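Structure record follows, encoded as structure tokens.
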Amino acid sequence: MRNKFDKELDKLNDELTEMGELVSDKIVQSISAFKHRDKEKAKVILDSDNEVDEMEKTIEKRALKLLLQQQPVASDLRLISSALKMITDMERIGDQAADIAEITMSMPKFTKDETFDKLMKMASLSIEMVKESIKSFVTGDLSLVDNISEHDDKVDEYFNNIRDNIVEELRSSETNPEYATDVLMIAKYLERIGDHAENISEWVEFSITGEHKDN
């Protein structure tokens, strides 16, 4: 019975890894689509939005089955409960990647200015946070997320700077209001992605150590 349970637990790990890689790729592709004004790539992301949702349902079903199948030991319970938390954050990252792609589909023409450069740096850091939190889960190496809180603070700082820049540009009529709104929305989605990446890292830590920062 335990052998069967362990095999199902391994499948859960594999599916979590696959979902993590999928959402990482989606956010990379959505930012690339925005950066290069690639509407075809943005459309592909939107058309495949349900992939992440389906994976979330599959993992949730397996996790709940494991909880009911056998009385898990403490380490099993930590992993399963962490999985249920992580997939929620992963699914939201997938949603935000799709939101960015949707904005890209209808954005007006824009010039790559200082605000754009800051947005790209913010995107790179948010993507790094997602990738490192997923890699930490896959490898069990918590050192990969040692600086995740500091990175999240930096993402928040980027958001505040971008928001202030846009407000200033709108006051001086130096930017297209529609473009400014779109950039601000993308920045907000990136800020949320950073928050979700930090959440994932905290649940990875809990699954390994039994300790959670909120406790």
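The values are calculated or read from the model by the stated rules, or taken from the named source; none is laboratory data. Everything numeric in this text was worked out from a predicted model, so none of it was measured. So basically every Cβ, Gly included, is an ideal-geometry build from the backbone, and we count neighbours across all protein chains shown.
Just wondering, is there one or more residues in the stretch 164-187 that are small (Gly, Ala, Ser) and surrounded by 17 or more Cβ atoms within 10 Å (Cβ to Cβ)? The answer is yes; a qualifying residue exists.
Can Ser136 be described as small (Gly, Ala, Ser), crowded, with 20+ Cβ neighbours inside 10 Å and within 22 Å of Ser82 (Cα to Cα)?
Values: small (Gly, Ala, Ser): yes; crowded, with 20+ Cβ neighbours inside 10 Å: yes; within 22 Å of Ser82 (Cα to Cα): yes.
Yes: the conditions hold for Ser136.
Every test in (1) small (Gly, Ala, Ser); (2) under 21 Å from Leu119 (Cα atoms); (3) surrounded by 14 or more Cβ atoms within 10 Å (Cβ to Cβ) is passed by Ser207 save one, and that test is (2).
Let me spell it out: the conditions are (1) over 17 Å from Ile127 (Cβ atoms); (2) of a type in the set (Val, Ile, Thr); (3) buried (at least 19 other Cβ atoms within 10 Å of the Cβ), and Val145 meets all of them except one. Which number is the exception? Only one criterion is unmet by Val145, namely (1). Taken over the stretch 22-52, residues that are within 13 Å of Val130 (Cβ to Cβ), hydroxyl-bearing (Ser, Thr, Tyr) and out of contact with any Lys or Arg (no Cβ under 7 Å at 6 or more places or on another chain) amount to 1. Determine whether the stretch 177-189 contains at least one residue that is at pLDDT 95 or above, among the small types (Gly, Ala, Ser) and touching a helix residue (DSSP H, G or I) at 6+ places or on another chain (Cβ under 6 Å). The answer is yes; a qualifying residue exists.
For the criterion of being closer than 28 Å to Glu178 by Cα, surrounded by 15 or more Cβ atoms within 10 Å (Cβ to Cβ) and either in contact with a Cys (Cβ under 9 Å, 6 or more places away or on another chain) or of a type in the set (A, V, I, L, M) (or both), Ile80 fails. Within the set Ser136, Ser82, the sole residue that is hydroxyl-bearing (Ser, Thr, Tyr), in contact (Cβ under 8 Å) with a residue 40 or more places away in the chain and under 23 Å from Val28 (Cβ atoms) turns out to be Ser136. There is no residue in the stretch 193-202 that is over 17 Å from the mean Cα position of the chain (by Cα) and without any contact (Cβ under 8 Å) to a residue 40 or more places away in the chain. Checking each residue of the stretch 144-166 against the condition of being assigned to a helix (DSSP H, G or I), free of Cβ contacts under 8 Å to residues at least 24 places away in the same chain, touching a helix residue (DSSP H, G or I) at 6+ places or on another chain (Cβ under 8 Å) and closer than 29 Å to Glu18 by Cβ gives at least one match. Considering the stretch 97-126, the residues that are outside any helix (DSSP H, G or I) and surrounded by fewer than 17 Cβ atoms within 10 Å (Cβ to Cβ) include one that is modelled with the lowest pLDDT, namely Thr111.
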